[in-house]
1. Take the range 68-83 and flag every residue that is open to solvent by 20 Å² or more (accessible area, probe 1.4 Å) and either under 18 Å from Ala106 (Cα atoms) or β-branched (Val, Ile, Thr) (or both).
2. Of the residues in the range 372-415, how many are over 21 Å from Leu306 (Cα atoms), open to solvent by 60 Å² or more (accessible area, probe 1.4 Å) and assigned to a loop (DSSP other than H, G, I, E, B)?
3. For the range 71-177, list the strands (runs of 3 or more DSSP E) that sit wholly inside it and hold at least 1 residues that are over 24 Å from Met384 (Cβ atoms); which are they?
4. Quick check, is Ile415 more than 26 Å from Ile277 (Cα to Cα), touching a residue at least 40 places away in the same chain (Cβ under 8 Å) and aliphatic (A, V, I, L, M)?
5. Can you tell me which residue among Thr138, Thr105, Thr91 is more than 21 Å from the chain's Cα centre (by Cα) and either open to solvent by less than 20 Å² (accessible area, probe 1.4 Å) or of a type in the set (S, T, N, Q) (or both)?
6. Counting only residues that are modelled with pLDDT of 80 or more, among the hydrophobic types (A, V, I, L, M, F, W, C) and open to solvent by less than 10 Å² (accessible area, probe 1.4 Å), how many does the range 168-218 have?
7. Select, from Asp274, Asp256, the only residue that is at negative phi and either of a type in the set (Ser, Thr, Tyr) or touching a residue at least 60 places away in the same chain (Cβ under 8 Å) (or both).
8. Select from the range 17-51 the residues that are closer than 25 Å to Asn159 by Cα and either assigned to a helix (DSSP H, G or I) or among the basic types (Lys, Arg) (or both) and list them in ascending order.
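The values are calculated or read from the model by the stated rules, or taken from the named source; none is laboratory data. Computed from a predicted model, the values in this text were never measured in an experiment. Reconstructed Cβ throughout: ideal geometry from the backbone, glycine too, with neighbour counts over all protein chains shown. These area figures cover heavy atoms from the full protein model, side chains too; ligands, DNA and RNA do not enter into them. Shrake-Rupley method; radii C 1.70, N 1.55, O 1.52, S 1.80 Å.
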Amino acid sequence: MAHMVFVETTRPATRAIDHALAMGHEVTLIRSGRFDWLLPPAEHERIRALDIRLVEIADTRSDMLIEAALRDLMAGGPVDAVLTALQPAATPAAIAAGRLGIRATAARGMINARDKALTRAALDRAGLPSVAHATVRTLEDALDAAARIGYPVIVKPVNGLGKALTTWAKTPDDIHRHFATLAERREVLQTGLADELADAAFIIEEIARGPLHSLELAGLASGAKVPLILVRRKTGRDDPVLEMGSTVPAPLSAEDRRAAGDYAVVVAEALGLDIGIFHIELIMTDRGPRLVEVNPRIAGGAIPDLIRTATGIDPFELLVRVHAGESPVSDWLPETCAASHSFITMAEDCTIRADLAPDWFEAFRPRMASGGCDIRPGASYRRMDGNQDVLGVVRMVAPTIGEAAAACEALRAEIADTLGVKLVELVE
């Protein structure tokens, strides 16, 4: 059995720790307090009660501190793999593991994927289909780049995550507004996420036309790369930057699915991504797939649970097996049913009515495959600006894609009526 070292965890990714223990692996969790907000108190308590070693360091965004912690662990025995599902910790963990010769995603691949400007440059060097782009730091440079590329454009941080500080710009006024509101938008970000976006560099990109998809790609220790599943993504009707949910299976032809899988493989190779499970977002245009971005770690949020629902296979189990040096997959995952989830997010700043029952959401649970909601009576919530503003999720299962997606929307409409608020409208 292997000694698996996790660097931080998210709420969904605690399942990876559970799988590692179930397989008989020795588990260490290196953590700091900077990302405690990702887990509810009960989950922190559960993690502390597990048969794992907990190592506290001041900052898991420091490769030097992670390396020191790993050296201390190696003094007592071998460390076989280092992995994380948390983006701010992913690159420093890979750098530290690389220095010590421990199995982990290659640091070069992490760095290239994390920096969106480096990603585009790698695709350009490899001669892969991409979009027009420019890296900027000032309003003036952004306006010049957008004029060259042609509106509409998307403006996003070069090292962003969760679509924070990202703007769909249809006119120069939208770019003016993006830069004018940066300070205000940073203030509402959680600790750790705000620090991650401290760099003032942005990338301006041409808009690829077509439906948004994401693809999970497994990189095996053997060097093989295996496309696992394509997910159709839901976006905001008025703001396509907003991620509003997902549906599996993606409604694509066998030819388009093969093209997307082949494209994801060559993109990962161009970036230098090797071992791990990678989340690749792409647009299926009439000229073929075009990259949106690469997250050099497993999908976050509700997507892994959606995949598990639709296939019966937990991506977090695959993540552990891949880092243990196994080859648990050789082809696309089987899709046994249609599953769809939609997010509960506010279309405008609002205050929930105070007479709402504290357990109001429980009445909806029997009709869902799964889901949850953190909205409380009398509480105030801000309009959705990024993934950090998701307040709940509803997931439905049905024989067909259309039935699953329609059931999600019907339930969301009932929830909006119960809350007396306007939720963000979405498109499939």
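1. Asp80
2. Qualifying residue count for the region: 3.
3. Per the criteria, 81-83, 133-136.
4. Here the answer is yes, as Ile415 does meet what is asked.
5. Values: Thr105 fails: more than 21 Å from the chain's Cα centre (by Cα); Thr91 fails: more than 21 Å from the chain's Cα centre (by Cα).
Selected residue: Thr138, the only one of Thr138, Thr105, Thr91 that is more than 21 Å from the chain's Cα centre (by Cα) and either open to solvent by less than 20 Å² (accessible area, probe 1.4 Å) or of a type in the set (S, T, N, Q) (or both).
6. Here the count works out to 9.
7. Sole residue among the options that is at negative phi and either of a type in the set (Ser, Thr, Tyr) or touching a residue at least 60 places away in the same chain (Cβ under 8 Å) (or both): Asp274.
8. Arg31, Arg34, Asp36, Trp37, Leu38
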